[in-house]
Structures are given as structure tokens and as C-alpha cells.
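Colleague: Can you keep this structure in mind? I'll have questions shortly.
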């Protein structure tokens, strides 16, 4: 299992045991925030980001609504050629539906930018009546297809990931009503990995047997062929989990983390290093947007980005030697806003 401790600093130490003795070595590795820019705060609540590089342009998506939950949430899409100045480029919406958790993926043919999102319907206010994933697609990032439903009522396909070689995209859907199909959340939730060739029709690949109400999950495929899943849990001790599965990805081995997660994401850098981002808790009080050095078994705190309160849900792209991280936070004046950080890693 991975061990973790929070810190609001730009360095961390990896402790290694030397032989059978108790000698320990500590090697400091620096990670630096090069820049942080507030990108958007026009709606009452601006949150749940993702970031993509498509056809040599930057795309940033997030949800706009009056509050964290409820209302008719819409998906705002911004575009930039440099990552510094941004243009309001498109909007995806559906009448009577709160569109949430938008995530990009460039499809395997690289001719479409795919957008997966959840659609919540309420019994007035914030009481959840139904939920089901949607998708939209675009060839130019400007004109998007109307949101189309995916999977079954109650499912929430949280993020999709392109496989590096088989021409498919994969994602984990969780369901808080796995046996009843609705009503109050059940004692245990389901989490299942699906695959699709075109993003419209999905087939079951495996069941993630994670106890403790597993939900928001990012799955990636490493260079060695293994699938790794980073999972948020809402039951039990509410601490996150990491799963590893070798091809054909039917069986998973799990490690529990000593920290909770919120909006978890991670990427594999060109040198094989894994970097995760999530809502975390560091030395300073309250939640923050935290980056972690990650292994298939655990996480180690790396860096806190300027953030606080209602925050996290990062998009992450490696570009020209830097990690670009989109996220949202309410640390400035209490209003949630969209930020973009540029980070230099060891």
C-alpha cells in the first residue's frame, strides 16, 4: 500500500531502506509551479475541468451552473493556441438536464474530439431523480453533436481513455443503484470497465470489485500494457484505491490509499513517471488541489497548487517539458473559478 503525508512545499522526500539495517536515505526532488492563471469565473459556479491538446490547439472544458449541485448545468468549451489567452468557443447543453463532469478524449482515429459527461435530473432543488452518461463529439471543437445517452440509467461513465494500440477507448462507470435502479443510494455501489470502438456503443470488459462505494475513476494504460485505475470511494473510511490489471484486464489487484480522493486523474509521462492530481489535504487546513508522484501501488505528495475550499477535478497534459493542469478552486473570494497551472517536474 502507498503511504502519504500532506505538505505545502515544493519538495518531497522518498525514503528508501538500505539492506536489512535501519539506514535511511532521503533524496529531495523539486517540483515548481511556473505559473498559475485564472481563466474563467463568469458563472455562479465554475467547476469540474478537463484539458486536451487537439490539432495543435488547447481545449479546456468545465461545467457552468448556479451552484455545485442542481439546476441546468451546461458545458463551456474554451480554445487557445498558446495556453495563455483563451476564447469562449462552444457550449454543450440539454434542456432540463444538469450536465456535469465533462471529460475530453481524442478518438483513436484522431479525427474527432470526444466529450463524455454525466446528466443529472432532479426532483426540484438538488434531490436526485435520475442520472445517465452522455457523449458529444466534434471534428473542429466548435460544432458539437447533441448529447446522446450512453449505457443504462444510473450509470456514470466518468472518464474515457484511448488505448495505445487496440483502437478502442475505455472507461469505468459507477452506479449507486446497482440492484434497484433508482431511489436512495444503496449500501454498496458497482464499478465496471467498458470499452468502445466508436464511443457510442459500449461493451463490458471487467468488474472492479472495490468495496466502499467506488465512484469517480480514471483508468490509464501504461507502456508495459498494464491497466491502472485510480478510484475515489464514498463508503467506509472513504480513502482512495489503486487497481492494477494485466491484459486482458479481467482481474484486478487493489491497494488502498491512506488518503481520500476527489476528482482523481493521473498521466504517465514520457520517462515513465506517473503523476496524479486530486482534491487532497495538506499541512494547511482544508482541501486543496494536490499533485502526487504515483506508482501502481501508492502515492506520494508532490505539490499543492494555489487552491482551497470547493476545488480540484484536474485535467492534465504533458507538453514541451511541462505539466499543464486545469482545475477549479474557490480560494479567491469564495467563488469557484477555473485555473490553469504550468508545472516543472523533476
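The values are calculated or read from the model by the stated rules, or taken from the named source; none is laboratory data. Keep in mind that what you see is a predicted model, and the values were worked out from it rather than measured. Glycine gets a Cβ as well: all are built from the backbone with ideal geometry, and neighbour counts include every protein chain shown.
Colleague: Just checking, does the stretch 169-180 include any residue being loosely packed, with under 14 Cβ neighbours inside 10 Å and either farther than 30 Å from residue 90 by Cα or within 16 Å of the chain's Cα centre (by Cα) (or both)?
Modeller: Yes: one or more hits.
Colleague: To continue, here is another question. Tally up the residues in the stretch 149-165 that are under 20 Å from residue 109 (Cα atoms) and in contact (Cβ under 8 Å) with a residue 12 or more places away in the chain, please.
Modeller: Summing the residues that are under 20 Å from residue 109 (Cα atoms) and in contact (Cβ under 8 Å) with a residue 12 or more places away in the chain in the stretch 149-165 gives 6.
Colleague: Does residue 220 qualify as being more than 20 Å from residue 119 (Cβ to Cβ), assigned to a strand (DSSP E or B) and touching a strand residue (DSSP E or B) at 6+ places or on another chain (Cβ under 9 Å)?
Modeller: Answer is yes for this residue.
Residue-wise test of (1) touching a strand residue (DSSP E or B) at 6+ places or on another chain (Cβ under 9 Å); (2) assigned to a strand (DSSP E or B); (3) in contact (Cβ under 8 Å) with a residue 40 or more places away in the chain.
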| site | (1), (2), (3) |
| --- | --- |
| 167 | no, no, yes |
| 173 | yes, yes, yes |
| 206 | yes, yes, yes |
| 239 | yes, no, no |
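Colleague: Of the residues 320, 332, 304, 297, only one is within 13 Å of residue 37 (Cβ to Cβ) and either buried (at least 18 other Cβ atoms within 10 Å of the Cβ) or more than 17 Å from the chain's Cα centre (by Cα) (or both); which?
Modeller: Being within 13 Å of residue 37 (Cβ to Cβ) and either buried (at least 18 other Cβ atoms within 10 Å of the Cβ) or more than 17 Å from the chain's Cα centre (by Cα) (or both) holds for just one of 320, 332, 304, 297, which is 332.
Colleague: Of 59, 89, which residue is outside any loop (DSSP other than H, G, I, E, B), over 15 Å from residue 119 (Cβ atoms) and more than 17 Å from the chain's Cα centre (by Cα)?
Modeller: The conditions single out 89.
Colleague: I'm trying to understand the selection: among the residues of the stretch 241-271, which are part of a loop (DSSP other than H, G, I, E, B) and closer than 21 Å to residue 101 by Cα?
Modeller: 260, 261, 262, 263, 264
Colleague: Out of all the residues in the stretch 62-75, which are crowded, with 22+ Cβ neighbours inside 10 Å and part of a strand (DSSP E or B)?
Modeller: Correct list: 62, 63, 64, 75.
Colleague: Among the numbered conditions (1) modelled with pLDDT of 95 or more; (2) assigned to a strand (DSSP E or B), tell me where residue 280 comes up short.
Modeller: (1)
Colleague: Based on what the data block shows, is residue 125 without any contact (Cβ under 8 Å) to a residue 60 or more places away in the chain and out of contact with any strand residue (DSSP E or B) (no Cβ under 9 Å at 6 or more places or on another chain)?
Modeller: The answer is yes for residue 125.
Colleague: Which of the residues that make up the stretch 269-290 are farther than 23 Å from residue 333 by Cα, in contact with a strand residue (DSSP E or B) (Cβ under 7 Å, 6 or more places away or on another chain) and either without any contact (Cβ under 8 Å) to a residue 24 or more places away in the chain or crowded, with 18+ Cβ neighbours inside 10 Å (or both)?
Modeller: Listed by number, the residues that qualify are 274, 275, 276, 277.
Colleague: Right, something else. Kindly indicate whether any position in the stretch 31-40 is under 17 Å from the mean Cα position of the chain (by Cα) and under 17 Å from residue 324 (Cα atoms).
Modeller: Within the stretch 31-40, none of the residues are under 17 Å from the mean Cα position of the chain (by Cα) and under 17 Å from residue 324 (Cα atoms).
Colleague: Could you please tell me which pairs satisfy a Cβ distance under 6 Å, a separation of 6+ or placement on different chains, a first residue in the stretch 182-200 that is more than 30 Å from residue 237 (Cβ to Cβ), and a second residue that is surrounded by 14 or more Cβ atoms within 10 Å (Cβ to Cβ)?
Modeller: Every condition considered, the pairs that remain are 195/168; 195/170; 195/205; 196/169; 196/202; 197/168; 199/114; 199/135.
Colleague: Which of the residues spanning the stretch 313-342 are without any contact (Cβ under 8 Å) to a residue 60 or more places away in the chain and under 15 Å from residue 41 (Cα atoms)?
Modeller: Across the stretch 313-342, the qualifying residues are 329, 330, 331, 333, 334.
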